[in-house]
1. Going by amide H atoms built from the backbone, whose H comes under 5 Å of the H on A68, apart from near neighbours?
2. Taking R0 as 41 Å, what FRET efficiency do you get between I144 and T222 from their Cβ-Cβ distance, rounded to the nearest 0.05?
3. Tell me, what does the Kirkwood hydrodynamic radius of the range 156-227 come to in angstroms if you use every pair of distinct C-alpha atoms?
4. Tell me, rounded to the nearest percent, the portion of alpha carbon pairs in the range 74-169 spaced more than 21 Å apart.
5. Once amide H atoms are placed 1.01 Å from N in the peptide plane, what residues at a sequence separation of 5 or more from R84, or on another chain, have their amide H within under 5 Å of its amide H?
6. Highest mean first, how do 130-139, 79-88, 93-102 rank when packing is the count of other Cβ atoms within 10 Å averaged over residues?
7. Pop the C-beta distance of L194 and R155 into the FRET formula with R0 = 25 Å and round what comes out to the nearest 0.05.
8. Give me the number: length gained by fully extending E115 to R215, i.e. 0.36 nm times residue separation minus the C-alpha to C-alpha distance, one decimal in nm.
Amino acid sequence: MRGLRIGALLFLLVVLATGCHRQAGPRPIGRFPAPPPPRVAVPPPASGSYVEEGYASWYGEPYHGRRAANGEIYNMYDFTAAHRTLPFDTYLRVTNLENGKRAEVRINDRGPFVENRILDLSLAAARAIDMVGPGVARVRLEVIAEGREVPGGVRYGVQVGAFQERENAGRLKLSLETRYRPVIIVPYDSPRGLFYRVRVGSLSTESEARSLADRLAAKGFTPFVVRLD
């Protein structure tokens with residue numbers, strides 16, 4: 001019996017020693033970091049085409065059913081978009097640079113008149129490139145078909161303000177006319193009510209309009225170059 005007890009005791013000591021050996025030292029933490037997310041493959045732009053990159057937004061209700069800038073009725077289920085300077089009926093390929101998804105749209109409206117945005121997409125186009133939820137996405141624009149020409153040539157101006165009170169727009173117009181000509185007030189019937197947009201200049205090239213916009217920005221305005229059609 002004594003021999004059995006000694007054997008059992010020796011067996012227990014061996015088990016404890018083995019267990020202590022397996023627990024010796026801390027387990028490594030963070031030796032194998034999580035793999036980075038896969039990169040989105042975005043096809044390069046077509047050579048020789050008009051290319052622009054920036055942020056796009058989208059618009060649906062309450063603009064759906066209202067008149068777009070080219071005179072047609074805006075339908076948020078069509079593949080259309082608003083751009084400040086590209087000719088109406090220009091067709092664009094829009095690539096969401098965050099996920100590589102693409103859609104083709106036709107320009108039928110003007111905007112967006114929001115800083116750091118280059119395009120307003122219809123609801124249908126926004127869904128196609130999966131940006132409805134985020135609301136804004138970085139995109140690439142590529143012209144795939146030129147828009148229609150304007151009889152008499154294209155003119156560009158710079159929008160410097162939009163007011164709900166006609167008197168406020170008039171005061172800004174008077175102050176600007178001391179240095180710039182022409183200065184015009186353009187009424188705009190928006191879903192939020194009637195606005196009065198103040199625009200400066202009538203220039204033959206977009207580069208001249210951008211130079212004017214830079215000078216106005218230096219005076220504290222938030223200018224937008226617009227096509228005067």
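1. Amide H neighbours of A68, under 5 Å, 5+ apart: I73, Y74.
2. Values: r = 31 Å, r/R0 = 0.76.
With a Förster radius of 41 Å, E is 0.85.
3. Working: mean 1/r = 0.0817 Å⁻¹.
Hydrodynamic radius (Kirkwood, Cα pairs) of the range 156-227 is 12.2 Å.
4. Numbers: 1722 of 4560 pairs.
When all Cα pairs of the range 74-169 are counted, 38 percent exceed 21 Å.
5. Counting only residues 5 or more places away or on other chains, the set is G111.
6. 79-88, 93-102, 130-139
7. Values: r = 24 Å, r/R0 = 0.97.
The value I calculate is 0.55.
8. Details: separation 100, 0.36 × 100 = 36.00 nm, distance 1.64 nm.
So the chain would gain 34.4 nm between E115 and R215.
Since every read-out is calculated from the coordinates, none of them should be taken as a lab result. Everything numeric here is computed off the predicted structure, so don't read it as measured data. Methodologically, a virtual Cβ is constructed for each residue, glycine included, from the backbone with ideal geometry; neighbour enumeration extends over all protein chains shown.
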